[in-house]
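Visitor: Structure in structure tokens, see below.
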Amino acid sequence: MIKSVLQSVAAKRDRILAHSASSASFKKSFQQNVLRHGRCSGTLSSFSTATDGSSPEVAVQLDYYMSLQFAGVACALVNDIYQAKGINKLQFLPTCPVGLEASRVRSFQNAHPTTMATFGSVEQNIFTPTLAKDPSLNVTAVASMFRRSPLCIVSLGPLKPGDTIGAHEDTVELLQRIFPEQKVVASPRGTKNTDLLEGTYAGIQAYTTTEVPALQHILSGRGMDLDSLHVEVLEDGIDGPKLGYSQMLFASNESLECPDRRQASTAFLEGTFEGWQHAISNPSKAIEAVSEAQKMLQLDDESNDHWHSSLTFQKEMLDRMNDHVKETFLGDRLGVLSPSRWSEATEWLLENENDVDPLLGLDSTNLWQPPSNLLPGNELARTILQEAKISASKFKAVHGRKPSLAVITVGELARYGHSGRRVQLYSNSSNSWFTKTETGEANGFDVTEINLDGGTTTTDTLLSEIYKIRDQVDGIQVMWPFPDTIDTAKVFNAVPLAKDVDGIHFSSWGSSFPPVTPAGAMELMKEHDVLVKGKHVLVVGRSPIVGAPMAHLLREAGAMVTVAHTEVDKVALQSMVGQADVVVTCAGNPGAIQASWLKDGVEVINVGTTFCDKADALLSDVEGDIEAKANRYSPVPGGVGPLSSPMLFHNVAKAAWDQVEDGSSSSTWTQDPATLR
């Protein structure tokens, strides 16, 4: 009876999924049947809506078995996102041996010339050397699920010369180059953790997203010291290997050739990264989707020792993967490839080759790039944070310690009420404004966070905390606003100028560091050539940490600045908005400005943002269709916001160097309180 039910379900799937009209209702029923009865019967090696013998519209060659590293693909498949994008015939090809992904994509496209697009996934450190050796593969990188490679070497203690490292067959040559004093050999992929623990190899090729958490669970279960696990991440962002992108999506060149093919390719990418948005927003549902997709695809599964069936382990893995995916966000989308990062990796990977094109294999048609009218800040933020990390590393090498920051907060800040959700949706603990201790640790800084009770802390108590720590750190950030009982001027003036890394003295005593968010907005405008000299710039907002210093910086840049705020009469505000060449919103009040008020061709810099529970999203101060009026504008999220944390750590690194060089690390700051402006 069960067999006949399963056969019936499989037959229905094959028949109905070829037609999009009723696919949504059927797939829900199909998924429920699979969950109820288990794996569907049949002999298909891949899920496909192309069951009539015709070629699929889109074919996909994954470089590994369906697992959490493809959670976005799984969510798109299970939730009918691909079909909603117009892909009615989608085929997943059987899992192939490592290193043959590009060859399989080429073979399939040659055998199925009417297939609109054929995609594959692979690491850039595999793709680039493979394409350099065989340009006739005719494949092009178009997007990526991970921005950084999670590749690492794991050992039970530091590796010694002559030790053997077990590696995947396709990375032996790469790892031998990185570890010339060890012997790197090809080893089984499915037993790597066991091989390490049993001493077969002194070290193994692993990934921080999979084998590392699995080993941590194993060691914990055996009562072993987790510190005995030595993890060497290969791409440290300083001076190590440049491996480029991971889980990179490439396509046959035919997939980019004409409008119809490009439309199919775009639909697949839109579906995939919308699926990743689902995975990021709701990890528990994504874990279920991966399990469901495994049953739907009917691909062979790998029996391996780097997997735990516990939900806790799966959640930990997916969180790590989501963090990698979020790092690919630029402008209005996940998955964007940066030409500069691609080039850097290509040059490293092919350093022994002659006449290397740094852009080898990278899409030059901009299939998956944000619109030109956006002013994204993500890649700029990554560059600034990378520079800060390198500076911090050099500082430690010279002075034997890390640059240091103290962050002092009194009470609960209302604007941080959704900090956890914002980190989950838009950033991660290695670069977020809301996780400064973790961000500091990830980038070579020591961060001390002092959180004081808002109801009991007095001005003297707060001053005492500042006095105790100010000679022990290179930078101090005092979070604003304070409770009404605190004398803000006295507190601010206890922070020495040399350590004022968030510019609280900028508008009064003239700190060398502007407040980091306005400074980030200025860097964004500089990066995208938003010219303000001689222009009429309207700043909406007047707070001492954003609006006021923003106006100050713009005046210094030669702009004619008008400052407004939300208490200005609506009619007057509308008139001011309509006259401005550049509008900089700093109100933190959604809907404070209507897009219809904007002057045609205006440039809009969205600084003020607010997280909305109902929308489960970050909103700007401008309500309506900015694109219909603005020539260019910074998106929310992904504009100014990502720059605040990198600017802060950039300032801390500079403050550390400056104080050591001029001998001002010990404070004698005794200025009298000044009236805040």
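Visitor: Give the residues of segment 238-274 that are in contact with a helix residue (DSSP H, G or I) (Cβ under 8 Å, 6 or more places away or on another chain) and hydrophobic (A, V, I, L, M, F, W, C), sorted by residue number.
Guide: Result: ILE238, LEU243, MET248, LEU249, PHE250, ALA251, LEU256, ALA264, ALA267, PHE268, PHE273.
Visitor: Then there is this: Any idea which of (1) free of Cβ contacts under 8 Å to residues at least 40 places away in the same chain; (2) among the polar types (S, T, N, Q); (3) out of contact with any helix residue (DSSP H, G or I) (no Cβ under 9 Å at 6 or more places or on another chain); (4) open to solvent by less than 20 Å² (accessible area, probe 1.4 Å) is the one ASN606 doesn't satisfy?
Guide: (3)
Visitor: Related question: Please verify whether segment 416-434 includes one or more residues that are under 20 Å from ASN651 (Cβ atoms), without any contact (Cβ under 8 Å) to a residue 40 or more places away in the chain and among the β-branched types (Val, Ile, Thr).
Guide: Within segment 416-434 (the criterion being under 20 Å from ASN651 (Cβ atoms), without any contact (Cβ under 8 Å) to a residue 40 or more places away in the chain and among the β-branched types (Val, Ile, Thr)), the answer is no, since none of the residues qualifies.
Visitor: Those residues that are under 14 Å from ILE165 (Cα atoms) and either of a type in the set (Ser, Thr, Tyr) or within 24 Å of the chain's Cα centre (by Cα) (or both), I need them from segment 208-233; list them, please.
Guide: Our first condition is that a residue be under 14 Å from ILE165 (Cα atoms); within segment 208-233, this holds for 230-232.
The answer is VAL231, GLU232.
Visitor: Okay, moving on. Can you spot a residue in segment 437-459 that is in contact (Cβ under 8 Å) with a residue 24 or more places away in the chain, among the hydroxyl-bearing types (Ser, Thr, Tyr), more than 17 Å from LEU648 (Cα to Cα) and assigned to a helix (DSSP H, G or I)?
Guide: For segment 437-459, residues in contact (Cβ under 8 Å) with a residue 24 or more places away in the chain, among the hydroxyl-bearing types (Ser, Thr, Tyr), more than 17 Å from LEU648 (Cα to Cα) and assigned to a helix (DSSP H, G or I): present.
Visitor: How many residues are assigned to a strand (DSSP E or B) and either among the aliphatic types (A, V, I, L, M) or surrounded by 24 or more Cβ atoms within 10 Å (Cβ to Cβ) (or both) when one looks only at segment 561-602?
Guide: Final tally of qualifying residues: 9.
Visitor: Among residues belonging to segment 479-519 that are in contact with a helix residue (DSSP H, G or I) (Cβ under 6 Å, 6 or more places away or on another chain) and of a type in the set (A, V, I, L, M), point out the one that is nearest to VAL410 (Cα to Cα).
Guide: ILE486
Visitor: Just need a number here: residues in segment 226-256 that are hydrophobic (A, V, I, L, M, F, W, C) and assigned to a helix (DSSP H, G or I).
Guide: Our first condition is that a residue be hydrophobic (A, V, I, L, M, F, W, C); within segment 226-256, this holds for 226, 229, 231, 233-234, 238, 243, 248-251, 256.
Filter again for assigned to a helix (DSSP H, G or I), leaving 226, 256.
The qualifying residues number 2.
Visitor: For the condition within 30 Å of ILE390 (Cα to Cα) and not charged (D, E, K, R), what is the one hit in ALA628, ALA655?
Guide: ALA655
Visitor: Now a separate question. Return the pairs, sorted by first residue and then second, in which the second residue is surrounded by fewer than 21 Cβ atoms within 10 Å (Cβ to Cβ) and modelled with pLDDT under 95, the first residue lies in segment 104-127 and is closer than 11 Å to VAL58 by Cα, the beta carbons are less than 6 Å apart, and the residues are 6+ apart or on different chains.
Guide: Close Cβ pairs (under 6 Å, with a partner that is surrounded by fewer than 21 Cβ atoms within 10 Å (Cβ to Cβ) and modelled with pLDDT under 95) amount to HIS112/SER55; THR114/SER55; THR115/SER55.
Visitor: Name the residue, out of MET560, MET550, that is in contact with a His (Cβ under 6 Å, 6 or more places away or on another chain), at pLDDT 95 or above and within 30 Å of ASN373 (Cβ to Cβ).
Guide: It is MET560.
Visitor: Among the numbered criteria (1) within 26 Å of ASP529 (Cα to Cα); (2) free of Cβ contacts under 8 Å to residues at least 40 places away in the same chain, which one does GLY335 miss?
Guide: (2)
Visitor: Scan segment 102-119 for residues that are touching a Gly at 6+ places or on another chain (Cβ under 7 Å) and of a type in the set (Gly, Ala, Ser) and jot them down.
Guide: Selection gives ALA102 alone.
Visitor: Within segment 416-436, count every residue that is among the polar types (S, T, N, Q) and not in a loop (DSSP other than H, G, I, E, B).
Guide: Residues that pass the stated criteria total 2.
The values are calculated or read from the model by the stated rules, or taken from the named source; none is laboratory data. Quick caveat, the model's predicted, so the values are computed rather than measured. Reconstructed Cβ throughout: ideal geometry from the backbone, glycine too, with neighbour counts over all protein chains shown. What goes into the accessible areas is simple: the full protein's heavy atoms, side chains included, and nothing from ligands, DNA or RNA. Shrake-Rupley method; radii C 1.70, N 1.55, O 1.52, S 1.80 Å.
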